[in-house]
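Before I ask anything, here is the structure I am working with.
The values are calculated or read from the model by the stated rules, or taken from the named source; none is laboratory data. Keep in mind the model is a prediction, meaning the values are calculated, not measured. In this analysis, Cβ positions are derived from the backbone assuming ideal geometry, glycine residues included, and neighbour counts consider all displayed protein chains.
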Protein chains: 2
Amino acid sequence: MPAEGSVRIVTLDGIPEVAVGDDVGRLIGDAIERSPDALPLTAADVVVVTQKIVSKAEGAIVDLTAIVPSVRATEFAQRFDRDPRQIQVVLDQAVRVVRMDHGVLITQTPHGFVCANGGVDASNVGPASGSIVTLLPADPDASAGAIRASLRERFGLDVPVIVSDSFGRPWRWGIVDVAIGVAGLRPLEDLRGTPDADGRVMHATVRAVADELASAAELAFGKATGRPAAIVRGAAFTRGEGSIREVIMPPEFDLFP
Amino acid sequence: MPAEGSVRIVTLDGIPEVAVGDDVGRLIGDAIERSPDALPLTAADVVVVTQKIVSKAEGAIVDLTAIVPSVRATEFAQRFDRDPRQIQVVLDQAVRVVRMDHGVLITQTPHGFVCANGGVDASNVGPASGSIVTLLPADPDASAGAIRASLRERFGLDVPVIVSDSFGRPWRWGIVDVAIGVAGLRPLEDLRGTPDADGRVMHATVRAVADELASAAELAFGKATGRPAAIVRGAAFTRGEGSIREVIMPPEFDLFP
């Protein structure tokens, strides 16, 4: 167990290139056994796994050579020097186009996420795969749940799992990692009604702890060094059968439709 | 130094209630000397300090009893069960009202931040201060710079400093901590043109590393336990004379005005 109040982020090394059909839970378990800082797992651990290896393992990928872009995709792509086939994949995956301007395509995915390119991503998809893009996993909570079950069976400990992806934000440059799927923890820490340090009751504080865990894990990934998973150890969070659906703001509260 | 690839977040305990005129750099330095896990400071450290104690020390506070709300503030407050004086303070601080609906008031601050209530906050402002709200520091980069200078003088080491605050996000419930001021590091890690793990050149990846550092630090704060500062040790970041202004998206790129 970590010192009281301190949090540690342990990267999991040695996860090989992932292919369709691979068992991500087993690969994560192997990496934990190879990482001396990871063992023993503790009740204060959360495993964070990047979307990219989950999508690849689940076959949530598209070969752009099979895509015929529409006129809409082609016009947008030509205007902003982008790949029209990738634009077409984003449009195919979208339940709603939120913004399509400045070369930026922001869509809402079937999961409810609003993000650039609907989570369709061309980076880090393998050495010989210039035309392959990854989609978001079809059910990221289930993806996280499968990894959780695999780790529980192997290590005899119920370790919560987060599947993470990098999202941009309005009004601020730069991407940060957020949770797109969770298993075994509550993604939101509801502090409403909890007295703060002064005894004042806080009445508008819901903390997106799963997103903060995802961002923290990213600090240890080293984006270009092929570490697609980490353990965050010692953070305060609440166990439970949470779902990333709790994080999605319903349309009636959306001030930026 | 931490193990290669691992990151540690060390909370700084024993920071007393802050009052106007207090020297935050000295208080942080005292807390570092009292925290056995903090010493020795290393070249891999970033100090993260929450906005609240910085604002209090700088006197960036308003006593609501002196505020006479306008008709606009009163009508909005009555409709959504909020304090009309606090709404008035938010409007007084705003350079632009972005959204004002559903009881949510989103403004752009003079610094360029777009956030709920313009960063005006009533929680955690001291035991006997029911009518006191904090504003954002006038120049959060300068606030961070003063703490950095104080730590450099005391410990002989140039430790980057981030001033953080909790912001909501469109489309997702819950707040996460982000950077509102930086000193001694680049807030954005520009990976454009850097080959990824497969040798593919990434061309749209700018990582908001200061925001991820702020979120990571929050995991160790324990929001209701009065720990307003932490050290993040071992994360990858780039030193330099950065400014939070680099993070602000200019109006011509804002798809959500």
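Name every residue in the range B:56-105 that is among the polar types (S, T, N, Q) and within 16 Å of B:ASP121 (Cα to Cα), in order of residue number.
Listed by number, the residues that qualify are B:THR65, B:GLN86, B:GLN88, B:GLN93.
Working only within the range A:102-120, note down all residues that are of a type outside the set (S, T, N, Q), touching a Ser or Thr at 6+ places or on another chain (Cβ under 9 Å) and more than 8 Å from chain B (Cβ to nearest Cβ).
Residues satisfying the conditions are A:CYS115, A:ALA116, A:GLY118, A:GLY119, A:VAL120.
From the list B:ASP63, B:ASP101, B:ASP81, B:ASP92, exactly one residue is touching a residue at least 40 places away in the same chain (Cβ under 8 Å) and of a type outside the set (A, V, I, L, M, F, W, C). Which is it?
Step by step, each of B:ASP63, B:ASP101, B:ASP81, B:ASP92 is checked, and only B:ASP63 is touching a residue at least 40 places away in the same chain (Cβ under 8 Å) and of a type outside the set (A, V, I, L, M, F, W, C).
Name the one entry in A:ILE180, A:ILE87, A:ILE106 that is in contact with a Lys or Arg (Cβ under 6 Å, 6 or more places away or on another chain), β-branched (Val, Ile, Thr) and within 30 Å of B:PHE256 (Cβ to Cβ).
None of the others qualify; the one that does is A:ILE106.
Give the residue, chosen from B:GLY199, B:GLY193, B:GLY226, B:GLY240, that is modelled with pLDDT under 90, more than 9 Å from chain A (Cβ to nearest Cβ) and surrounded by fewer than 19 Cβ atoms within 10 Å (Cβ to Cβ).
B:GLY193
Sort out which residues of the range B:159-181 are touching a residue at least 60 places away in the same chain (Cβ under 8 Å) and either of a type in the set (Lys, Arg) or more than 15 Å from B:GLY119 (Cβ to Cβ) (or both), and write them in order of number.
B:VAL159, B:PRO160, B:VAL161, B:ILE162, B:PRO170
Considering only residues that are in a helix (DSSP H, G or I), modelled with pLDDT of 95 or more and at the interface with chain B (Cβ under 9 Å from one of its Cβ atoms), which ones fall in the range A:243-257?
Within the range A:243-257, A:GLU246 is the sole residue that qualifies.
Next question. Name the strands (runs of 3 or more DSSP E) wholly inside the range A:1-85 in which the number of residues that are within 14 Å of another protein chain (Cβ to nearest Cβ) and at negative phi is 3 or more.
A:7-11, A:45-50
Continuing with this model, one more query. Given the structure, is B:LEU12 surrounded by 14 or more Cβ atoms within 10 Å (Cβ to Cβ) and over 25 Å from B:PRO137 (Cα atoms)?
On the way: surrounded by 14 or more Cβ atoms within 10 Å (Cβ to Cβ): yes; over 25 Å from B:PRO137 (Cα atoms): no.
No.
Count, please, the residues in the range A:132-158 that happen to be surrounded by 22 or more Cβ atoms within 10 Å (Cβ to Cβ) and either free of Cβ contacts under 8 Å to residues at least 12 places away in the same chain or in contact with a His (Cβ under 8 Å, 6 or more places away or on another chain) (or both).
2
With the requirement that a residue be assigned to a loop (DSSP other than H, G, I, E, B) and modelled with pLDDT under 95, what does the range A:121-161 give you?
A:ALA122, A:SER123, A:ASN124, A:VAL125, A:GLY126, A:PRO127, A:ALA128, A:SER129, A:GLY130, A:SER131
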